[in-house]
Amino acid sequence: MMMTGLKLQNLGLRRGGRLLFSGLELDLKAGQVVALTGRNGAGKTSLLRAVAGLVQPEAGTISFGDLDPDEARASSLHLVGHQDGLKTSRTVAEELIFWSRWFGADRAQALDSAARLDLTGLLGLEVRRLSAGQRKRLALARLLAAPRPLWLLDEPLSPLDASWRTRFGDLMAEHLAGGGLILAAVHDPLPIPSIGLEIGA
Amino acid sequence: MMMTGLKLQNLGLRRGGRLLFSGLELDLKAGQVVALTGRNGAGKTSLLRAVAGLVQPEAGTISFGDLDPDEARASSLHLVGHQDGLKTSRTVAEELIFWSRWFGADRAQALDSAARLDLTGLLGLEVRRLSAGQRKRLALARLLAAPRPLWLLDEPLSPLDASWRTRFGDLMAEHLAGGGLILAAVHDPLPIPSIGLEIGA
Amino acid sequence: MSALSALFGRETSLAWGRGGGPLVSVGFYAGVATLLPLATGPEPDRLAAIAPGAAWVALALAALLSLDRLFERDFEDGALDLMVHSSLPLELVCAIKCLGQWVATGLPLALAAPLAALALGAQPLILPLVFGCAAVGGLAFAFMGGIGAALSLGARRGGLLTAVIVLPLFVPPVIFGGGALDSLSNGLPWTAGFALLCAYGAAALALGPLAMAAACRNALS
Amino acid sequence: MSALSALFGRETSLAWGRGGGPLVSVGFYAGVATLLPLATGPEPDRLAAIAPGAAWVALALAALLSLDRLFERDFEDGALDLMVHSSLPLELVCAIKCLGQWVATGLPLALAAPLAALALGAQPLILPLVFGCAAVGGLAFAFMGGIGAALSLGARRGGLLTAVIVLPLFVPPVIFGGGALDSLSNGLPWTAGFALLCAYGAAALALGPLAMAAACRNALS
Amino acid sequence: MIPVPAFLSNPERFMAFSRWAAPLFGGIAVLLGLAGLWYGFTAPEDYQHGDTVRIMFIHVPAAWMSMFVYVCLAVASFLSLVFRHALADCAARAAVPIGAAFTGLALVTGSLWGEPMWGTWWVWDARLTSVLVLFLVYLALLALRASLDDELKAARACAILALVGAVNLPIIHWSVNWWNTLHQGASVFTKSGPAMTSDYLIPLLLLSLAYMAAFGSLWLVSIRGEVWRRRADAAAQRLARA
Ligand code: HEM
Ligand SMILES: Nc1ncnc2c1ncn2[C@@H]1O[C@H](COP(=O)(O)OP(=O)(O)OP(=O)(O)O)[C@@H](O)[C@H]1O
Ligand SMILES: Nc1ncnc2c1ncn2[C@@H]1O[C@H](COP(=O)(O)OP(=O)(O)OP(=O)(O)O)[C@@H](O)[C@H]1O
Ligand SMILES: [Mg+2]
Ligand SMILES: [Mg+2]
């Protein structure tokens, strides 16, 4: 279950005939967080999806320490993207428990993560009734429910209020302290010290 | 077509049995912008939707200068919410032109607003291919295509990159200079001077 | 005016995307016309007897298949919220949506219906009436079906719930149209049934938008 | 194991929402059983002859009605992206989705099918076979239909496109099942047809998930 | 890897091969077709079918081809899906309209023959219906290809559907044995040899070969067209980017 690093070598990505970037190098070690920046359309989301195995890179390699890529994707990473995969007609509890079990955690862990993200009072609400920030917290709760070393986060802070930004910063720091790795696409600086990586500059 | 002000008096909102806030007062005049803040779930989105006529307030009144509320909502305001009403399977041009015509503008105005938001190169792309920031710009382009005095903006800046935040700040300033009014829910300060209003504190 | 025609254009193109278009409707009928005799046995006279009715039921089901998502997408992605901010009343918006749906789906299906009836062995004599019934009936289905689609907005069970709400509303046109077709094939006067069908269609056109708009407003608030 | 049962629970509950459930299926059949005699004319022997077949076609069309959105929502809202990050192969995910769909929709419809056939005047003798065919056939429809739903992901025309892709695949089970029912009502041996139906169902169970997973991967990439 | 002849996987060599093979097949098709037609029209009338027996020479090869083309389509789809041969996808795409045309021809000539023989243009028996299903599968492939914008995705989706649709082939072939149908059973490829006089057998075989050659020629020509179209698209994209 441990992942020692994430390494991108000479990575190039193409979307619809346009080369987004090429020759990208990154060496992320356990305990480190990279803040991925770049202007709109630079390819941050596409890069995260490539690491997650959803997009085929045009060139270069992606390796996960000594793990086999397929296995790493199956059991050692979490992606929280622009689209959160939540069904608006189901309740917070239903969705959180389903996804936690899907990623290998049990009900108790799901409820525990809900408590840590202050969702306990909202468990019975339909997802469509949540405010934007509450919904984002629900999406992030999956990270805590089923611990996995590599977090791929796409603008995780944007709809969170100031106090939650700090609190989520603390959660990230805790994850890193436990040997986790984080690759986060952001437009604002992260609330914790991070390595910067700008693409498409 | 001119709106002289937006006035909220003693406004109270209830969602699903919970009172979000009450006794809210606001007097917004032409040329002013209010930055609405509050923690997640405080009721910023609900307030904007109440002004837009989509949610019935529990108490208090909403008035639009000397305009009749129904008429003001039909022809003098724009709402850009968390959900942008764009169809992912249609192209940028199709969607922009449709919404512009829907709000009373013509094709030329639509294309002009696309140029101002730097979408011209993306007109032929399906909306689902856009990056988050590009998609937000498409949602905002409607504001410029069919000019209306009152803008209700729900976290307009969040997926925009630094340079677009400034540029959109300039566009807001321009709108205000022409006698417009803006009510924007935000978590980060706006790039232009604004009146603060915090709810549910 | 421009807003109306823009809406109509958008709706037809989305409805076409939701599964309209001549090729698809012909394919659908071909599928149904193939399944039916296989399931009921191939005796030609038995088939010929049920042919117009079957084409008719297939039309109702095809309408259902495409109606389901008439409002739902616009509701989920916030487009319905924005549509409210226009001087066009929501009733008109709903009517245009149904009309666009009918033009992209119902009309091609109505054009294909006589072919399907012919393939199942109906007499050529009744084909114009098959088309007439399918066209008018399709319009009624679209407007009545829209009510079901709007009512099930935001409900935990869309889909077949729409079907259950809508099927009873589909019964009268099926009776009238089926009756007219049956009378014509048996050489009896058919105009009464067809007139009733048209009357039902007109009623659907008039009442449907009111009910749909009310249901949408209810779901939004 | 826990992931699998969680997925199965989610899928049945969503499928229930997409239009499954006992009440809805009975309502659907009631609608069809009412519409059909109205459309084809009420002569009892004509009706009795087509009854099992009609119930059968209604089953196929109901499967279509609910299939449409089997993958689409998960594709649009990003859930499919996340499902990939699990040690369960996508093939299994697709199979469970279809199974959940069948349990929530196909099974209640199969239980209601004998009632509908009875209401249309079929002989009581064939009712067990009606149920058997509907159950096995429904499973085949769910798995074959899933292929169509997965293939039309991301297409500009969903809806009836799925129908056009899927209806040809629905034809063999309808032939087999309809043949078995017909033979039984005429006192002929029916086992061959039913065995072929089961064979087709088994083939669908085996091949469907492969095709669906391939189609999903293709749409995601 | 399964032994794919080099000219099938290499576009350059394929283009060189098809440049002369397509006209050659076309020529063979014309010659054999003329010979077959001549024999066909000089053959004696059948005691049972009368003059209409001559429809057989058009109908039976078309029916065979409708299935044969599907087999080619399925193989090409398999290669394009598993080995990602762009050329195999061109071949699959090119086969669909041709197959649909042969199937349409089999349906039309069959029903023209059915009118004098069975007294009806169409019956819903298993053989006829399963051929109709084949036709519908071809149409579904056309519809699916038309409604996916991304060419690579369209290619794979169509390949999957083509492979799934292949379940229909055995049903068509054995339908006459599985059910009592109006349509007659196999009378050429039987264990005891052809149950047909050589008067009919010779033109039938000649025309079958002619159909086969015509298919080869048409297929090659339209694959070439498809390859050219893709090259033009790629060039246009390069220009647009430059
Ligand atoms: C629309 C109607 C018809 C269709 C779709 C149809 C279809 C087919 C097909 C698919 C085959 C090839 C079977 C195989 O090789 O497995 C075939 C063969 C044949 N058909 Fe038809 N057919 C039709 C009407 C007729 C009629 C009316 C006759 C004459 C009475 C006829 C006579 C034959 C004969 C003699 C063969 C060759 C049998 C053999 O040796 O395999 N067909 N037909
Ligand atoms: N089919 C396509 N044809 C052309 N361009 C495409 C296609 N698909 C994606 N793109 C482009 O690829 C880029 C994808 O960007 P991506 O979503 O990775 O950006 P991002 O860095 O996440 O931006 P943001 O900060 O706005 O989220 C966009 O510029 C988009 O327009
Ligand atoms: N049916 C309901 N039952 C209970 N609570 C509800 C219901 N519908 C909405 N709410 C609550 O009402 C509040 C709505 O908040 P709103 O979306 O207006 O917040 P916001 O200020 O925009 O927050 P954010 O910054 O996260 O976008 C949320 O706390 C939500 O949980
Ligand atoms: Mg992005
Ligand atoms: Mg909000």
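The values are calculated or read from the model by the stated rules, or taken from the named source; none is laboratory data. Since the model is a prediction, treat every value here as computed from it, not as a measurement. For neighbour counting, all protein chains shown are included, and Cβ atoms are generated from backbone atoms with ideal geometry for every residue, glycine included.
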Practice prompt. Name, by its number, the condition in (1) touching a helix residue (DSSP H, G or I) at 6+ places or on another chain (Cβ under 7 Å); (2) at pLDDT below 85; (3) surrounded by fewer than 20 Cβ atoms within 10 Å (Cβ to Cβ) that does not hold for C:V84.
Written response: (2)
Discussion item. Based on this model, can you work out whether B:S100 counts as in the same structural domain as B:I182 (by TED's automatic domain parsing), away from ligand 2 (no atom under 16 Å from the Cβ) and not in a strand (DSSP E or B)?
Written reply: no
Response to the item:
Filtering the stretch B:176-201 for residues that are more than 14 Å from chain A (Cβ to nearest Cβ) and within 16 Å of ligand 2 (Cβ to nearest atom) leaves a count of 0
Practice prompt. Kindly establish whether B:D27 is closer than 23 Å to C:F8 by Cα, without any contact (Cβ under 8 Å) to a residue 60 or more places away in the chain and away from ligand 2 (no atom under 16 Å from the Cβ).
Written response: no
Item to complete: State whether the residues of the stretch D:157-168 include one that is facing another protein chain (nearest Cβ under 9 Å), more than 19 Å from the chain's Cα centre (by Cα) and over 30 Å from B:L125 (Cβ atoms).
Response: no
Worksheet item: Hey, does the stretch B:177-198 have a residue that's free of Cβ contacts under 8 Å to residues at least 60 places away in the same chain and buried (at least 20 other Cβ atoms within 10 Å of the Cβ)?
Response: no
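Out of B:R142, B:R167, B:R148, I need the residue that is away from ligand 4 (no atom under 15 Å from the Cβ) and assigned to a loop (DSSP other than H, G, I, E, B). Which one?
Residue meeting the stated conditions: B:R148.
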Worksheet item: Just for the stretch B:130-168: of the residues that are touching a Pro at 6+ places or on another chain (Cβ under 6 Å) and over 14 Å from A:H82 (Cβ atoms), which one is farthest from ligand 3 (Cβ to nearest atom)?
Response: B:T166
Worksheet item: Which condition number does B:L143 fail, the rest of (1) surrounded by 23 or more Cβ atoms within 10 Å (Cβ to Cβ); (2) within 16 Å of ligand 2 (Cβ to nearest atom) being met?
Response: (2)
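The rows are residues; the columns are (1) in contact with a Ser or Thr (Cβ under 7 Å, 6 or more places away or on another chain); (2) more than 16 Å from ligand 5 (Cβ to nearest atom); (3) over 21 Å from D:A214 (Cα atoms); (4) in a helix (DSSP H, G or I).
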position	(1), (2), (3), (4)
E:A101	no, yes, yes, yes
E:W113	yes, yes, yes, yes
E:V123	no, yes, yes, no
E:L128	no, yes, yes, yes
E:V133	yes, yes, yes, yes
Practice prompt. Could you tell me whether any residue of the stretch A:78-94 is more than 16 Å from ligand 3 (Cβ to nearest atom), of a type in the set (A, V, I, L, M, F, W, C) and away from chain B (no Cβ under 14 Å)?
Written response: yes
Worksheet item: Taking the stretch E:141-167 only, how many residues are more than 27 Å from B:R90 (Cβ to Cβ), without any contact (Cβ under 8 Å) to a residue 60 or more places away in the chain and part of a helix (DSSP H, G or I)?
Response: 1
Discussion item. Please go through (1) within 15 Å of ligand 5 (Cβ to nearest atom); (2) surrounded by 21 or more Cβ atoms within 10 Å (Cβ to Cβ); (3) assigned to a helix (DSSP H, G or I) for A:R128 and return the number of the only condition it doesn't satisfy.
Written reply: (2)
Worksheet item: Only one of these conditions is not met by E:W118: (1) more than 20 Å from E:W219 (Cα to Cα); (2) modelled with pLDDT under 85; (3) away from chain C (no Cβ under 14 Å). Which number is it?
Response: (3)
Response to the item:
Going through the stretch C:65-99 in order, the residues found to be more than 14 Å from chain B (Cβ to nearest Cβ), within 15 Å of C:V166 (Cβ to Cβ) and aliphatic (A, V, I, L, M) are C:L65, C:L67
Practice prompt. State which residue pairs qualify: first residue on the phi < 0 side of the Ramachandran plot and part of a loop (DSSP other than H, G, I, E, B) and inside the stretch A:34-60, second residue near ligand 2 (Cβ under 8 Å from one of its atoms) and among the small types (G, A, S) in any location, beta carbons under 7 Å apart, and separation of 6 or more residues or different chains.
Written response: A:R39/A:G200; A:N40/B:S131; A:N40/B:G133; A:A42/A:G200; A:V55/A:S46
Discussion item. Condition first: small (G, A, S) and away from ligand 5 (no atom under 16 Å from the Cβ). Now tell me which residues in the stretch A:131-151 satisfy that.
Written reply: A:A141, A:A145, A:A146
Discussion item. Please determine whether any residue of the stretch B:105-113 is away from ligand 5 (no atom under 16 Å from the Cβ), small (G, A, S), in a loop (DSSP other than H, G, I, E, B) and within 14 Å of chain A (Cβ to nearest Cβ).
Written reply: no
Discussion item. When you scan the stretch E:139-161, do you find a residue that is at pLDDT 90 or above and over 30 Å from B:G124 (Cα atoms), even just one?
Written reply: no
Discussion item. Just to verify a result, which residue in the stretch C:87-130, among those that are touching a Pro at 6+ places or on another chain (Cβ under 6 Å) and at pLDDT 90 or above, is farthest from C:R10 (Cα to Cα)?
Written reply: C:E91
Worksheet item: Before we move on, is D:A62 outside any helix (DSSP H, G or I) and away from chain A (no Cβ under 14 Å)?
Response: no
Worksheet item: If you scan the stretch A:1-55, which residues turn out to be over 28 Å from B:L122 (Cβ atoms), surrounded by 21 or more Cβ atoms within 10 Å (Cβ to Cβ) and β-branched (V, I, T)?
Response: A:V33
Discussion item. Checking A:L117 against (1) crowded, with 23+ Cβ neighbours inside 10 Å; (2) away from chain B (no Cβ under 13 Å): exactly one of these is not met. Which one?
Written reply: (2)
Response to the item:
Condition set among the basic types (K, R) and at pLDDT 90 or above, scope the stretch B:1-57, selection farthest from ligand 3 (Cβ to nearest atom): answer is B:K29
